[in-house]
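Visitor: Quick one: structure below, then a few questions.
The values are calculated or read from the model by the stated rules, or taken from the named source; none is laboratory data. None of these values were measured; they are calculated from a predicted model. Here the Cβ positions follow ideal geometry from the backbone for every residue, glycine too, while neighbour counts run over all protein chains shown. Protein only, heavy atoms only, side chains kept; ligands, DNA and RNA dropped before computing areas. Shrake-Rupley method; radii C 1.70, N 1.55, O 1.52, S 1.80 Å.
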Amino acid sequence: MSTPALRIHQPEAAEAQSFSDRAYYAIRELIVTLELAPGSVVSERALMERLGLGRTPVREALRRLAREKLVDVYPRRGMFVSRIDVRDLAGLSEVRAVIESSAARLAAQRSTPADAEVTSELLAELGRAADERDERTLIELDQRIHRHVYRCAHNPFLEQTLNEYYVLTLRIWFLALDRVARLDDAIHEHRALLEAIRDGDAGRAEEAMRVHVTSFERAIRTVL
């Protein structure tokens, strides 16, 4: 049986109205899942043909991805997929440990009854993931858990910022996927985080997120 393709969780892509948004989500997925390799040349024409879109939306999407540090633009040389540097992981983790921990605190304080239903569903899925013991299932669940926490903070500016940092970190995880296995630790960390948010315990949620982000950074660093 073939290994399922890596995907990134971006449900908003299905609701994209403009051609430039469609191009953005499609190209971001190619970059984050490493289908467009770090350091490789970005060809506008190749992307236009692959996505069935015109030059303008593809170019607008690439500008946006450049702002998000996924594409590097060099005058007179062209565009390249941003390289992955292990030093970036330390910087990302440093920022995420502060901002995501604050988001987890807010999530515990601001979570609505509708949010709480999703939290319970995610906790149930964690139990099934523990039984399946599949790292790729964990990646998909990790993405949905983090996005849920960001959403529960009910601050769209914070949510957007955190999603951008998370996507950069996710690309590093995909790079190290076959060399790192932290299924048990990750399930325990996610459960502690979601239970703290469910219980409305802001301090516990903040600490659980900090532990999760720093533990992830240590695990990836050992194999890169």
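Visitor: In whole Hz, with x marking every Gly and Pro, tabulate ³J(HN,Hα) for the stretch 134-148 from phi via Karplus 6.51 cos²θ - 1.76 cosθ + 1.60, θ = phi - 60°.
Guide: 10, 5, 6, 5, 5, 4, 5, 5, 4, 4, 5, 5, 4, 4, 5
Visitor: Right, here's the next one. Which one, PRO113, ALA61, VAL98, projects farthest toward the positive side of the charge dipole computed for the stretch 14-147 from Cβ point charges (K/R +1, D/E -1)?
Guide: Positive-most Cα among the choices belongs to ALA61.
Visitor: Between ASP184 and ARG144, how many nm apart are label points set 7 Å from Cα along the C-beta direction?
Guide: 2.5 nm
Visitor: What is the ratio of the Cα radius of gyration of the stretch 1-117 to 2.2 N^0.38 Å, where N is its residue count, to two decimals? Show your work: numbers first, answer last.
Guide: Working: Rg = 17.3 Å, N = 117, 2.2 N^0.38 = 13.4 Å.
Cα-based Rg divided by the globular estimate yields 1.29.
Visitor: Moving on. May I ask you to give the percent of accessible area on the stretch 68-150 that is carbon plus sulfur, with a probe radius of 1.4 Å?
Guide: Working: 2100 of 4180 Å².
Carbon and sulfur: 50 percent of the exposed surface of the stretch 68-150.
Visitor: What FRET efficiency comes out for the pair ALA66/SER18, r = Cβ-Cβ distance, R0 = 25 Å, nearest 0.05?
Guide: Details: r = 18 Å, r/R0 = 0.72.
Plugging the Cβ-Cβ distance into 1/(1 + (r/R0)^6) gives 0.85.
Visitor: Can you give the FRET efficiency to the nearest 0.05 for LEU123 and LEU158, using r as the Cβ-Cβ distance and R₀ = 25 Å? Each step should come with its number before you reach the end.
Guide: Numbers: r = 23 Å, r/R0 = 0.92.
Given R0 = 25 Å and the Cβ-Cβ separation, E is 0.60.
Visitor: Moving to a separate point now. Using alpha carbons only, how many degrees (0 to 90, rounded to 10) separate the axis of helix 19-32 from the longest principal axis of the chain?
Guide: Value to nearest ten degrees: 70.
Visitor: Another question, if that's okay. Please work out how much length the chain gains when fully extended from GLU195 to ARG133, using 0.36 nm per residue of separation minus the C-alpha to C-alpha distance, in nm with one decimal. Could the numbers behind the result be given before it?
Guide: Numbers: separation 62, 0.36 × 62 = 22.32 nm, distance 2.08 nm.
Fully extending the segment from GLU195 to ARG133 adds 20.2 nm.
Visitor: A follow-up question, please. Starting from the amide H of VAL71, placed 1.01 Å from N in the peptide plane, find each other amide H under 5 Å away whose residue is 5 or more places distant or on another chain.
Guide: Close amide H contacts, sequence-distant or interchain: ALA66, SER82.
Visitor: Here's another thing I want to ask about it. Would you kindly derive the ³J(HN,Hα) couplings of the stretch 114-127 from the backbone phi angles with the Karplus curve 6.51 cos²θ - 1.76 cosθ + 1.60 (θ = phi - 60°), listing them in order in whole Hz, with x for Gly and Pro?
Guide: Using θ = phi - 60°, the values come out as 5, 4, 4, 5, 5, 4, 5, 5, 5, 4, 5, 5, 4, x Hz.
Visitor: Further question: Taking a cut-off of 22 Å, what percent of all Cα-Cα pairs in the stretch 109-197 are separated by more than that?
Guide: On the way: 1121 of 3916 pairs.
The calculated P(r) of the stretch 109-197 puts 29 percent of pairs beyond 22 Å.
Visitor: Given the rule -39500 (n - 2.57) for each run of at least 4 DSSP H residues, summed and divided by the residues of the chain, what is its mean residue ellipticity at 222 nm, to the nearest 500 deg cm²/dmol?
Guide: Value at 222 nm, helices only, nearest 500: -23500 deg cm²/dmol.
Visitor: For the chain, what is the accessible area per residue in Å² when the probe is 1.4 Å?
Guide: Working: 11480 Å² over 224 residues.
Spelled out: the 1.4 Å probe surface of the chain, per residue, equals 51 Å².
Visitor: Still on this structure: Would you kindly calculate the translational diffusion coefficient of the chain, applying Stokes-Einstein with the Kirkwood radius from alpha carbon pairs, for 37 °C and a viscosity of 0.692 mPa s, and quote it in µm² s⁻¹ without decimals? All intermediate terms of the calculation are to be shown ahead of the outcome.
Guide: Working: Rh = 18.3 Å.
Diffusion coefficient, whole number: 179 µm²/s.
Visitor: Moving on to the next point. Which peptide among 138-151, 45-58, 166-179 comes first, and what is the full order, when sorted by highest mean count of other Cβ atoms within 10 Å?
Guide: Working: 138-151: 20.6, 45-58: 14.9, 166-179: 17.9.
For the peptides 138-151, 45-58, 166-179, the packing ranking is 138-151, 166-179, 45-58.
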